[in-house]
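See below for the structure under consideration.
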Amino acid sequence: MAGIVASALAFGRVTQILKSVSLVLERMGPSPRAFLDQMSHRSLKGAFPDFKHRWTTGEDVSALLLGVREALGRHGTLNSCFIAGMGPGDRDVVNALAGFSRELGGGSGACDYLLPSPEKGSACKRLNLFLRWMVRSDDVDPGGWAGVPPAALLIPLDTHMYRVGTELGFTQRKQPGLRAALEITDGFRSMAPDDPVRYDFSLTRLGMRGGGALEEFLDTVDRSRR
């Protein structure tokens, strides 16, 4: 539960993200699942009256959590909900992401920007970040989910990874949408077929650090190609 809340609000300044996520989780208490189960529909809709994260309101958060509760009622866990959308021949998580977005959104459209869908061409950066956290298990990502192979994950495409993918020649797309995310993921898959998102954390942090760290990395790559 914490993961889907954190990923949904993972835009803007890091300090504000941490503050906003903490406010929601503190309101939900030590057991978010129990919080959802015990709240009436009406109470949950008004559970975050003063919440504001950039343009996200408490009503948006409530709509997201209502969708989560309905999905849990149908599938038992978010892990099972996601797997229900995966086909046996799926090479990646695109189809499952589309189903997951529909399940949690409940078709209301109340928080479409919190639950984007690849069906609309979105790279689904924050949902793919959530999947990276839940599927991979190492010193960076805690894991916990079963049934989704790391090889099927997509790069959580933000401006930093879009630039890296462009500079490395993985994509020539002019916009960081779904097709760019697929192409950049394929580029990294050629280096790490079983875990194409393994470099996401380190490369994204180079861009976030500033101070020319990402430029230095790309210059090093460029020189190695000569």
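Every read-out reported here was derived from the displayed coordinates using simple, explicitly stated rules and does not represent laboratory data. All values reported here derive from a predicted model rather than from experimental measurement. Neighbour counts run over all protein chains shown; Cβ positions are idealised from the backbone, glycine included.
Along its first, second and third principal axes, ordered by size, the chain spans 63, 42, 32 Å in Cα coordinates.
Stretching the chain fully between Gln175 and Ser43 yields a gain of 43.5 nm (0.36 nm per residue, less the alpha carbon separation). Using a Gaussian network model on the chain with a 10 Å cutoff between Cα atoms, which of Ser117, Ser31, Ser62 fluctuates the most? Looking only at Ser117, Ser31, Ser62, the largest GNM fluctuation is found for Ser31. Here the simple spin-label model places points 7 Å from the Cα toward Cβ, and for Asp50 and Ala151 these points are separated by 5.2 nm.
When the charge dipole of region 1-155 is built from unit charges on Cβ atoms (+1 for Lys and Arg, -1 for Asp and Glu) and taken about the Cα centre, the candidate among Ser22, Gly121, Met86 whose Cα reaches farthest toward its positive end is Ser22. Stretching Phe201 away from Thr57 to a fully extended chain increases their span by 49.0 nm, per 0.36 nm per residue minus the current alpha-carbon distance. Rounded to the nearest 20, the size of the Cβ-charge dipole of region 155-226 about its Cα centre is 160 debye, with Lys and Arg at +1 and Asp and Glu at -1.
Estimate the FRET efficiency between Glu26 and Thr220 by the formula 1/(1 + (r/R0)^6), using the beta-carbon distance for r and 35 Å for R0, to the nearest 0.05.
0.20
Note on the chain: helix-only mean residue ellipticity at 222 nm, from DSSP H runs of 4+ residues weighted -39500 (n - 2.57) and normalised by residue number, equals -16500 deg cm²/dmol.
Which value, in debye to the nearest 20, gives the size of the charge dipole of the chain about its Cα centre, when Lys and Arg are +1 and Asp and Glu are -1 at the Cβ?
Working: 28 positive and 25 negative charges, 81 e Å.
Here the size comes out at about 400 debye.
Between Asp139 and Ile17, what is the FRET efficiency for a Förster distance of 22 Å, r being their Cβ-Cβ separation, to the nearest 0.05? Efficiency at R0 = 22 Å is approximately 0.55.
For region 21-36, backbone phi angles converted through the Karplus equation (6.51, -1.76, 1.60; θ = phi - 60°) give residue-by-residue couplings of 4, 4, 4, 5, 5, 5, 5, 7, x, x, 10, x, 5, 5, 4, 5 Hz, Gly and Pro being listed as x.
Using alpha-carbon pairs under 8 Å, 6+ residues apart, how would you state the relative contact order of the chain in percent? Present the calculation step by step, with values, prior to reporting the outcome.
On the way: 281 pairs, mean separation 30.4, N = 226.
Once normalised by length, the contact order is 13 percent.
Cβ crowding within 10 Å, taken as a proxy for footprinting-reagent exposure, orders Ile184, Ile155 from fewest neighbours to most as Ile184, Ile155.
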